[in-house]
Amino acid sequence: MLEAANIIKTFRTRGVESPALAGASLTVAPGEFVAIVGRSGSGKTTFLNILSTLLTPDSGQLRYKGEDITALPPAALNRLRREDFAMVFQFHYLLPCLTARENVLLPFLHSLAPVSAEVRRRADACLDRVGLGGKGDKLPGHLSGGEQQRVAIARALVKRSAVLFADEPTGNLDRTTGESVMDLLADLGNDGLSVVMVTHDEAHAARAHRTVHMADGVMA
Amino acid sequence: MNILVIPLRNLRMKWARSLLLLLVFTLGVASIVALNLVSGVVGESLERKLVAYGANILVMPRTEKLTVSYGGFSMGDMLLGASDLDEARTMERIAAIHHGSRVSAIAPKLVSMARVDGTAVGVIGVRWEREMAIKGYWAVDGEFPAREDGVLAGSRAAASLGLVPGDTLSLGSRTAVVTGVLRPTGGDDDSVLFTGMDFAQAAFGRPGRADYVEVAALCAGCPIEEIVDQIAEALPGAEVQALQSVVRQRMYSVDFVQRLILSVSLIILLIACAMVGATMLSSVNERIREIGLLRSLGFSRPGVFAIFCFEAVVLGAAAGCLGYVAGHALSLRVIGALDITEGATLAFSAAGLALTCLLIVAVSVLSAFFPAWKASSVEPSEALISL
């Protein structure tokens, strides 16, 4: 379903080159939950950002459903991010001016077309699923860190995407809250959604169907 | 619910910032509106007062000049065509032109020659009230003629003819009485005698006729050429000329006031725009992660651009409406306080309100253009990965 082959990425800041990926490769099957584990600086977040099209590789190939998506035009890239890919970040990145429900609906607020009643119902169902039923009208500032991350997960779920990318989704949460978020992600994997998660926590990685280790920008 | 909910909620959430920005922008718009409304009224009032210093359009009979000579003998210049105008018809038609409201005074003249004690002198028949409307600088020793046979003598003419108030003299077939002597004006008025139009027409046997008509038109609202064209159209047998030097002099004074106010308005507008631009730019920097998130969710660049522009549209529309109403109210107070605008009125214009709103929205969006463009150029990777 998603295939990255020999991805190379080097960051350049003021003439200084910092190699991040030196030929990383990965294949994710439909409904597979893959955890990418590695130390800080191993290149796992850069790799995840390239997989999710947030970052362009210097070389290598990224294929999704058999199509090369390495150099898609901006409009096609936006459509892919909008419809097929979903992201959960270490920080929840909720818009503070929108309620929890509106934040969940955010992927559908990209145009002047109004959000349908069906999508609203789906948003409420997603909030219920992450245990936030009844808190849809609250602003992010009135929710705990764990609840905010759940809203972010609900936002990823509402699109019914094919692949969910999660970058240290529990990194900013306490142990108990982190566990409940992991339960959610594991459930999603079991529901047929492909999940690619970056973590440095081996225990959380053990919940995935497959764990991949990264070191120095390549798969260990 | 659609994309517009994001800028609207953002404005509401940051209400203190939004309110402050709105206040500054509204004050700017109110100042500009008030300055422009007041300048319009002051300009027109100023021009009305300047009318007292002379006419700016001359209406004469259309004639052709022919220099005749035959057999080596020159008979001089001969005029072909109508030699005078029908006074009542001419005045009526001038008053009825499309820009009739811009015509401030119509002063007909009948020019004749007379001999007083053997000395030739020009006699000008005038309508006193109309003449005095365009000769506000006249000052008289004695009195302005109140009687039909009254004569006002120019200073040089009075000196050469030895006339003083109370003297009687023969003009054409009638006897007239000098009621006053004009103080020196430095112009043609000093060398002639002025009488009432009816008296001159009767004395010189030309009832209902006028040789030319001076017109004082207000040029601030429309170009003088338009008024000239309309008078020419209304009077096919007449030649109509704009006295360009008078027009230019008068418009210079009016334009100076209006240019000064326009400059001040532009400075205020620039400051307001800079405020909006700077605030939007700081908002973009502050919300860089939000923008990164939106881009990662598949929002297009135009979509992000629209979010920031719409905030500017809302601010601009609100500031435009509030500013126009406040500016109108302010200008009413200012006009009431100014002596120069005595009697001036200012009607509330819905079209003015709509135009101001549109203009301010455009200016506001223009101010937010760079910040919005900057926001739309943010790559999600740059905004989110940097953390």
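Remarks
- Cβ-Cβ distances below 9 Å connect no pair with a first residue in the range B:257-272 that is without any contact (Cβ under 8 Å) to a residue 40 or more places away in the chain and in a helix (DSSP H, G or I), a second residue that is surrounded by fewer than 18 Cβ atoms within 10 Å (Cβ to Cβ) and of a type in the set (D, E, K, R), and a separation of six or more residues or different chains.
- The single condition from (1) away from chain A (no Cβ under 14 Å); (2) in a loop (DSSP other than H, G, I, E, B) that residue B:298 fails is (1).
- Looking at B:354, B:347, B:368, B:312, just one residue is part of a helix (DSSP H, G or I) and either more than 30 Å from residue A:77 (Cβ to Cβ) or out of contact with any helix residue (DSSP H, G or I) (no Cβ under 7 Å at 6 or more places or on another chain) (or both), and that residue is B:354.
- Checked against the criterion of being within 10 Å of chain B (Cβ to nearest Cβ) and touching a residue at least 40 places away in the same chain (Cβ under 8 Å), the candidates A:169, A:107 yield just one match: A:107.
- Looking across the range B:149-168, the residues that are more than 17 Å from residue B:131 (Cα to Cα), out of contact with any Ser or Thr (no Cβ under 7 Å at 6 or more places or on another chain) and hydrophobic (A, V, I, L, M, F, W, C) come down to B:158, B:159, B:163, B:164.
- Restricting B:336, B:292, B:298, B:303 to residues that are assigned by TED's automatic domain parsing to the domain that holds residue B:38 and either closer than 26 Å to residue B:266 by Cα or of a type in the set (A, V, I, L, M, F, W, C) (or both) narrows the list to B:336.
- Residue ranges of strands (runs of 3 or more DSSP E) in the range A:102-220 with at least 2 members farther than 21 Å from residue A:31 by Cβ: A:210-215
- Residue satisfying condition, being within 24 Å of residue A:175 (Cβ to Cβ), more than 10 Å from every other protein chain (Cβ to nearest Cβ) and out of contact with any Lys or Arg (no Cβ under 6 Å at 6 or more places or on another chain), within set A:118, A:147: A:147
- Those residues of the range A:14-70 which are within 13 Å of chain B (Cβ to nearest Cβ) and of a type in the set (Val, Ile, Thr), in sequence order: A:45, A:46, A:50, A:53, A:56
- Residue match in the range A:90-109 (condition: under 24 Å from residue A:179 (Cβ atoms), in contact with a strand residue (DSSP E or B) (Cβ under 6 Å, 6 or more places away or on another chain) and at pLDDT below 85): yes
- Residue satisfying all of: in the range A:91-104; at the interface with another protein chain (Cβ under 8 Å from one of its Cβ atoms) and not aliphatic (A, V, I, L, M); nearest to residue A:158 (Cα to Cα) among these: A:102
- When A:32, A:3, A:67 are screened for being among the acidic types (Asp, Glu) and under 23 Å from residue A:204 (Cβ atoms), only A:32 passes.
- The range A:2-22, residues that are on the phi > 0 side of the Ramachandran plot and surrounded by 14 or more Cβ atoms within 10 Å (Cβ to Cβ): A:6
- Within the range B:186-202, being among the polar types (S, T, N, Q) and within 19 Å of residue B:129 (Cβ to Cβ) holds for B:195, B:201.
- Taking every residue in the range A:74-89 that is more than 8 Å from chain B (Cβ to nearest Cβ) and pairing it with any residue that is assigned to a helix (DSSP H, G or I), at least 6 positions away or on another chain, the pairs with Cβ-Cβ distances below 7 Å are A:86/A:156; A:88/A:152; A:88/A:153; A:88/A:156.
The values are calculated or read from the model by the stated rules, or taken from the named source; none is laboratory data. All values derive from a computational prediction rather than experimental measurement. So basically every Cβ, Gly included, is an ideal-geometry build from the backbone, and we count neighbours across all protein chains shown.
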